[in-house]
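The values are calculated or read from the model by the stated rules, or taken from the named source; none is laboratory data. Everything quoted here is computed from the prediction, not taken from an experiment. Every residue, glycine as well, gets a Cβ built from its backbone with ideal geometry; the counts of neighbours run over all protein chains shown.
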Amino acid sequence: MSDKGSEVERVPLIGLRGVKKRFGAVQAVNGVDLDIHTGKVTALAGDNGAGKSSLIKTLSGLWEPDEGQILWEGKPVHLRSPKEAEALGITTIYQDLALCDNLDIVQNMFLGHESLRHGLLDESTMETEARQVLKDLSVTTVRSIRQPVASLSGGQRQSVAVAKAVMSHAKLVIMDEPTAALGVAQTKTVLDLIKRLSGQGVAVLMISHNFNDVFKVADRVAILYLGQMVASGPVSDFDPQIVVDYMTTGRSTREPAADTATPGQAAPAEPTERD
């Protein structure tokens, strides 16, 4: 089934059609269909070994799919490297954040894309732009944009990583377990940041095992089971127990929480859209 209403007519920012990725005898991703829309947060759920990492690395250009098609704004694309993905507007923030602890916030945000003036680093321009991006994202907890990243908390480091993605004009930000190992206050900071990102028209694909986070910020949920997309749809069609059912068995016959639509059923061999 497909989405109801106007969402049917909207071309997704990125769409996967029958994407497969195998490693020898292991079918890591098996015929996955997935649409990610501009300005929406899509939560990707699945147990360990479900294929989440393989899927996001395919979207990030690290691995080419063995079969299937990737559509960017409705047109087929071939992502052969992370550089090609970044050129389209796809930025991936892994759990390690890929930040340099010995560099300060400005240096990290512009790393590899430094502003030059007369052949020298244009420190003033970079500071101004970095400060503005952090302000636009309502990142107010850092003491100075020149403090080393090593001195930042986990939530602040996530904020810098997201700000770096915004600096690169990302249209899709993929976040791998963005609140893992964070405290309550830091988690709230990161979730607020995700909401602001989507509010600015950026698509977010969030991989998370934390259902509280998923149901706080996600617009849509997509669930992988043994490499297959067994359910996807508006977050209102799910509750935590239904998500657990799909993650652990590939199907669910439960009713969703009150005031939501009746869920469909999906077997691992027949991925479906829930509406």
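Tally the residues that are under 28 Å from the mean Cα position of the chain (by Cα) and either over 17 Å from residue 149 (Cβ atoms) or without any contact (Cβ under 8 Å) to a residue 24 or more places away in the chain (or both), restricting the search to the stretch 112-125.
Residues flagged as under 28 Å from the mean Cα position of the chain (by Cα) and either over 17 Å from residue 149 (Cβ atoms) or without any contact (Cβ under 8 Å) to a residue 24 or more places away in the chain (or both) within the stretch 112-125 amount to 3.
When each of 165, 150 is tested for being under 22 Å from residue 202 (Cβ atoms) and not β-branched (Val, Ile, Thr), the lone residue that passes is 165. When residue 205 is tested against (1) in contact (Cβ under 8 Å) with a residue 60 or more places away in the chain; (2) of a type outside the set (Lys, Arg); (3) part of a helix (DSSP H, G or I), exactly one condition is not met: (3). Restrict the check to the stretch 75-83 and report whether at least one residue is over 27 Å from residue 235 (Cβ atoms), assigned to a strand (DSSP E or B) and touching a residue at least 12 places away in the same chain (Cβ under 8 Å). Within the stretch 75-83 (the criterion being over 27 Å from residue 235 (Cβ atoms), assigned to a strand (DSSP E or B) and touching a residue at least 12 places away in the same chain (Cβ under 8 Å)), the answer is no, since none of the residues qualifies.
Considering only residues in the stretch 48-72 that are among the charged types (D, E, K, R) and under 17 Å from the mean Cα position of the chain (by Cα), the one that is farthest from residue 165 (Cα to Cα) turns out to be 52. Is it the case, given these coordinates, that residue 42 is under 14 Å from the mean Cα position of the chain (by Cα) and assigned to a helix (DSSP H, G or I)? In short, no.
Tell me, yes or no, whether the stretch 216-232 has at least one residue that is assigned to a helix (DSSP H, G or I) and either out of contact with any Pro (no Cβ under 6 Å at 6 or more places or on another chain) or within 13 Å of residue 158 (Cα to Cα) (or both). Within the stretch 216-232, one or more residues are assigned to a helix (DSSP H, G or I) and either out of contact with any Pro (no Cβ under 6 Å at 6 or more places or on another chain) or within 13 Å of residue 158 (Cα to Cα) (or both).
When the residues of the stretch 43-64 are filtered to those that are touching a helix residue (DSSP H, G or I) at 6+ places or on another chain (Cβ under 8 Å) and crowded, with 22+ Cβ neighbours inside 10 Å, which remaining residue is farthest from residue 248 (Cα to Cα)? Only one residue tops the list, namely 61. Here residue 66 meets the list (1) touching a Ser or Thr at 6+ places or on another chain (Cβ under 9 Å); (2) acidic (Asp, Glu); (3) over 19 Å from residue 220 (Cβ atoms) almost entirely, failing just condition (1).
Suppose we keep only residues that are in contact with a Leu (Cβ under 9 Å, 6 or more places away or on another chain) and buried (at least 19 other Cβ atoms within 10 Å of the Cβ) within the stretch 89-105. Which one would you say is nearest to residue 130 (Cα to Cα)? Per the criteria, the residue is 105.
Sort out which residues of the stretch 115-143 are part of a loop (DSSP other than H, G, I, E, B) and within 16 Å of residue 161 (Cα to Cα), and write them in order of number.
Scanning the stretch 115-143 gives 137, 138, 139, 140, 141, 142.
Taking the stretch 177-202 as the range and being buried (at least 18 other Cβ atoms within 10 Å of the Cβ) and either outside the structural domain of residue 45 (by TED's automatic domain parsing) or part of a helix (DSSP H, G or I) (or both) as the test, the residues that pass are 186, 187, 189, 190, 191, 193, 194, 197, 198. Residues considered: 145, 174. Of these, the only one that is free of Cβ contacts under 8 Å to residues at least 60 places away in the same chain, surrounded by 14 or more Cβ atoms within 10 Å (Cβ to Cβ) and either more than 15 Å from the chain's Cα centre (by Cα) or closer than 21 Å to residue 211 by Cα (or both) is 145. Among the residues of the stretch 150-171, those identified as free of Cβ contacts under 8 Å to residues at least 40 places away in the same chain and of a type in the set (Ser, Thr, Tyr) are 151, 153, 159. Output the number of the condition that residue 26 fails; it satisfies all remaining conditions of (1) farther than 24 Å from residue 192 by Cα; (2) β-branched (Val, Ile, Thr); (3) within 19 Å of the chain's Cα centre (by Cα). It fails just one condition, (3). For the stretch 1-18, indicate whether the set of residues that are farther than 15 Å from residue 228 by Cα, surrounded by 17 or more Cβ atoms within 10 Å (Cβ to Cβ) and over 18 Å from the mean Cα position of the chain (by Cα) is non-empty. Yes, the stretch 1-18 has at least one match.
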